[in-house]
1. If a residue has to be within 16 Å of ligand 4 (Cβ to nearest atom) and either over 16 Å from the mean Cα position of the chain (by Cα) or part of a helix (DSSP H, G or I) (or both) to count, how many in region 178-198 make the cut?
2. May I ask you to say which residue of Leu211, Leu201, Leu226 is among the aliphatic types (A, V, I, L, M) and assigned to a helix (DSSP H, G or I)?
3. Which of the following residues is within 16 Å of ligand 4 (Cβ to nearest atom), modelled with pLDDT of 80 or more and out of contact with any strand residue (DSSP E or B) (no Cβ under 9 Å at 6 or more places or on another chain): Pro66, Pro78?
4. Across region 207-256, what is the number of residues that are at pLDDT below 95 and within 16 Å of ligand 2 (Cβ to nearest atom)?
5. Within region 232-239, can one find any residue that is open to solvent by less than 30 Å² (accessible area, probe 1.4 Å), away from ligand 1 (no atom under 16 Å from the Cβ), closer than 15 Å to Gly184 by Cβ and not basic (Lys, Arg)?
6. What is the number of the single condition among (1) within 24 Å of Val116 (Cβ to Cβ); (2) within 16 Å of ligand 3 (Cβ to nearest atom) that Asn209 does not meet?
7. For region 131-177, what are the residues that are open to solvent by less than 30 Å² (accessible area, probe 1.4 Å) and within 16 Å of ligand 4 (Cβ to nearest atom)?
Amino acid sequence: AKNSGRNRYCYFTSSLQHTAVSRMRLSGDLRSALEKKQFVVYYQPIIELATGRMCKAEALIRWQHPVHGQIEPSEFIPMAEQAGLINAIGDWVFLQAAQQVKYWRQKIDPAFQISVNKSPAQFRADNDGGRNYWLGYLEELELPGDCITVEITEGLLLDTTERVKQVLQEFRGAGVQAALDDFGTGHSSLVYLKELEIDYLKIDCSFVNNLASRSSDRLLCEAIILMAHKLGLKVVAEGVETRAQRDILLEAGCDYAQGYYFSHPMPPALMELQPAASTRA
Ligand code: C2E
Ligand code: CA
Ligand code: CA
Ligand code: CA
């Protein structure tokens, strides 16, 4: 129980007080945050386990609030969804990531890829406009679809499944790959694996946390990896914090890993200082 408590709050590090009043003020601030250029995108390396190479990164948004300091996405993404701001923010993140991957492909690695998160609320709002803006951005930047992987993240709801399917098909047609995020948690289950055509499965960090100390967690990870491979999917393990966890995952045949053991999320300028071919292996 202690451990699951830790997992539940593992992204919950903001110093804000969670009162109704502070939430209301914040969602007011959120409305102008894009315009005031208070968002930044951090990148976290994704490592190919067999080679130790950083071949991808995940784009993770941060809000630099003038009073509260850096606010975590787990705090303001749900607010943005409620306030109807998530698509404006999500499209902005995508554009940053696309420009970044274009630059890194020229400068560091011609095959580099960036993963961008997309919540079900973003798919739902797509429905109104009926236009897939992300593909438009790729065209404008003259980028091939294989630059980007879309991660279907947090809170996938059944009533959006049809729309998600349709958008994923559009992406697939353009060469954009898809990942199922947080696999194994309530939001991301076998149903979606059955319904959606995806390329990657991301094992949630709650399975990885106690990988080295709990044999049942190890068995679960091994079984998820086997199942994913049988379905023709590649596996990314999230929240890898120790060498022991990395070793077990490598032995179990996991394809990619991401976590503090390799690197924290960081600003793009710092990413460029990472030796592309020799992250901690
Ligand atoms: P996620 O997509 O599951 O992202 C992984 C989270 O795990 C990130 O938290 C990352 O900083 C954290 N993490 C990485 N390595 C480790 C590790 O070794 N140990 C632990 N304990 N945590 C690790 P972050 O950046 O706070 O993001 C939280 C969530 O916010 C993301 O979860 C994602 O669902 C959402 N999010 C972030 N950026 C965006 C965005 O641009 N759009 C949307 N829709 N959601 C976003
Ligand atoms: Ca993600
Ligand atoms: Ca995740
Ligand atoms: Ca998550």
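The values are calculated or read from the model by the stated rules, or taken from the named source; none is laboratory data. The structure displayed is predicted, hence computed values, not measured ones. Here the Cβ is made from the backbone with ideal geometry for all residues, glycine too, and neighbour counts use every protein chain on show. Please note that ligands, DNA and RNA were not included when accessible areas were found on the heavy atoms of the full protein model with its side chains. Shrake-Rupley method; radii C 1.70, N 1.55, O 1.52, S 1.80 Å.
1. Counting residues in region 178-198 that are within 16 Å of ligand 4 (Cβ to nearest atom) and either over 16 Å from the mean Cα position of the chain (by Cα) or part of a helix (DSSP H, G or I) (or both) gives 3.
2. Going through Leu211, Leu201, Leu226 in turn, just one is among the aliphatic types (A, V, I, L, M) and assigned to a helix (DSSP H, G or I): Leu226.
3. Values: Pro66 fails: within 16 Å of ligand 4 (Cβ to nearest atom).
When all the criteria are applied, what remains is Pro78.
4. 0
5. Scanning region 232-239, I find at least one residue that is open to solvent by less than 30 Å² (accessible area, probe 1.4 Å), away from ligand 1 (no atom under 16 Å from the Cβ), closer than 15 Å to Gly184 by Cβ and not basic (Lys, Arg), so the answer is yes.
6. The failed condition is (1).
7. Thr149, Val150, Glu151, Ile152, Thr153, Gly155, Leu156
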